[in-house]
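The structure under discussion appears below in the form of structure tokens.
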Amino acid sequence: MALITVRDLSLGYEGKAIVENLNFTVNAGDYLCVVGENGSGKSTLMKTLLTLRAPLAGKIEIGDGLKKNEIGYLPQQTVVQRDFPASVKEIVLSGCQARCGLRPFYNKEEKALALENMERMGITNLADRCYRELSGGQQQRVLLARALCATRKVLLLDEPVSGLDPKVTLEMYNLIAAINKEGITVIMISHDLGAAVRYADHILHIGNSVFFGSKEEYLKSEAGKLFLLQQQGGETK
Amino acid sequence: MIDKLALYLQYPFVRYALIVGVLIALCSSLFGVTLVLKRFSFIGDGLSHVAFGGIAIASVLKITNDMWLVLLFTVIAAVLLLKTGQNAKIKGDAAIAMISVGALAFGYLLMNIFSTSSNLSGDVCSTLFGSTSILTLTKGEVILCVVLSLVVVTVFILFYNKIFAVTFDEDFSKATGVRAEAYNLLIAVIIAVIIVLAMNLVGSLLISALVIFPALSAMRIFRNFKSVTIFSAVLSVICALTGLLISILAGTPVGSTIVATDVAAFLVCWIAGALRGGLAK
């Protein structure tokens, strides 16, 4: 059975649907990229998958015994975080919170996990630095390390490279690809169709036209051709 | 001056005031950091006005031990404020303004219509600014204060990591399976308890100052959550002690002296932070 199966899902605000009749499946180990125009409901879809908001209609079936505390999430940055006095270590460790249940303090295992993930993201040297004083790329690595502490199976990323320069963007994509190769399912929202086609193996396009399928199918489809054309047009301008 | 102080310290009511003052300052500063960071600074203000309304009702009903009733009121208001903040039909800050000003008006109205006291404006003034109430605490009230403070501190220590996670990123916490809503509720209830406690010390108008100033001061200087929390607790206790001693020696009102000390400490921290930032660059 698939990890996540979405059937006839409708998303929107206050009864008004933005997206209707969405159907797709995510299997363990997939790298799914969600693309589409601004305001097409990408972030709403992600929040619905995370059960932060309820769908207007339809169903999300979770299979393979996936539990809520096995999901990692890299959200877009919030205003609160911009002047939050917290060290990198404190933030990464907070990713283990769901494992704690009602236990008040982190145990050795969780502390080791936080260290391991900081190492994986190459931020061990920043452990005692203040989060708000880091560069955008470093902050994203911190949040990714936190997400890795929370996940054992699935990682959801909401525009992980927005606001990053090209070099850091490339590093981020490589990190995510490496995580996917280690067997963690990745679902990523992106504006960057070039990267989506390069790294993902499945594409979900929402907006004016809806498409779901493998990368190869997407490149041949009408939606894909149109979108690629627009992107190229935008880039040459 | 030392002799004068030694003389005063022989009176039990002065010792009670010092004990209660320190404990309240400690409790209010612990949750201050979370309130400031969650953009809830005004909740303290709103709840304190609700507590004022509660006191007014209690005095009309001639309930002598009004602390429990006020506590009940304030906890309910805290829960309601938190819920409206999430549903966002009326935005959080507007909801707080509505409840707080409404409670203030009704409180004063009730006190005015049903007043039995000969010195109404004196009563109102002391509820709002806390003037002398801390020096007139009974032993029972002191014990209640100590017990509630211990509860607040214990809850804070046990839930420290959860409070951090929920404050830093509520969506992430919820998405990964942390019961963020339950912890938000816990935070709101504890805040209500702190407000009711702190009313004894500084009166309902000045409570926010006690909650947010130590946190803001600490955030000028320190860069991680643990140090900010510890420093704001220490600073708050020092300011409360200093303020209490000054007010005892100089005969100034307790609440406003403590808050003035907090403001002074904030200015010092602000300058220290600016200097440090300047040097670091």
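Here's the picture: charge each Lys and Arg Cβ at +1 and each Asp and Glu Cβ at -1 in the protein assembly as shown, and of B:I207, A:L175, A:H202 the one pushed furthest to the positive end of that dipole is B:I207. If you wrap the stretch B:226-266 in the convex hull of its Cα atoms and look at it from every side, the mean projected area works out to 2.5 nm². With viscosity 1.306 mPa s and temperature 10 °C, the Kirkwood radius over alpha carbon pairs of the stretch A:1-124 converts through Stokes-Einstein to a diffusion coefficient of 93 µm²/s. For chain B, the residue among B:L72, B:T242, B:A165 whose Cα projects farthest onto the positive side of the dipole built from Cβ charges is B:A165. Relative to its Kirkwood radius, the Cα radius of gyration of the protein assembly as shown gives an Rg/Rh of 1.06. The lysine pair count for the stretch B:2-275, using Cα distances under 23 Å and pairs eight or more places apart or on different chains, is 15.
Charged neighbours of A:S135, selected by a Cβ distance under 10 Å, balance to -1 (K, R count +1; D, E count -1).
Specify the residue with the greatest mean-square fluctuation among B:L244, B:L267, B:L185, computed from a Gaussian network of chain B linking alpha-carbon atoms under 10 Å apart. Its mean-square fluctuation being the largest, the pick is B:L267. Tell me whether the stretch A:105-165 comes out rounded, prolate or oblate; compute the Cα gyration tensor, take square roots of the eigenvalues as a ≥ b ≥ c, and use a/c under 1.5 as the rounded threshold. Because a/c hits 1.5 or more and a/b fails to exceed b/c, the stretch A:105-165 counts as oblate.
Overall shape of the stretch B:2-275 was characterised from the C-alpha gyration tensor. The equivalent ellipsoid obtained from it has semi-axes of 29, 25, 16 Å, in decreasing order. Debye-formula intensities of the stretch B:205-281, expressed as log10 I(q)/I(0) at q = 0.16, 0.24 Å⁻¹, are -0.57, -1.03 (one equal scatterer per alpha-carbon, no solvent). Each Lys and Arg adds +1 at its Cβ and each Asp and Glu adds -1 at its Cβ; summed about the Cα centre, the protein assembly as shown shows a dipole of about 540 debye.
Could you tell me what % of all Cα pairs in chain A have separations over 22 Å? Result for the distance tail: 54 percent.
Magnitude of the charge dipole for the stretch B:2-275, about its Cα centre and with charges confined to Cβ atoms of Lys, Arg (+1) and Asp, Glu (-1), is about 380 debye. Structure note, pairs A:K42/A:K67; A:K167/A:K225; A:K47/A:K67; A:K68/A:K153: Cα-Cα distances above 21 angstrom occur for A:K42/A:K67; A:K167/A:K225. Placing unit charges on each Cβ (+1 for Lys and Arg, -1 for Asp and Glu) gives the protein assembly as shown a dipole about its Cα centre, and among A:S10, B:A274, B:S149 the Cα reaching farthest toward its positive end belongs to B:S149.
Bear in mind that the values in this text are calculations on the coordinates, not laboratory data. Just so it is clear, the model here is predicted, and its values are computed rather than measured. Cβ atoms come from the backbone with ideal geometry, glycine included; neighbour counts cover every protein chain shown.
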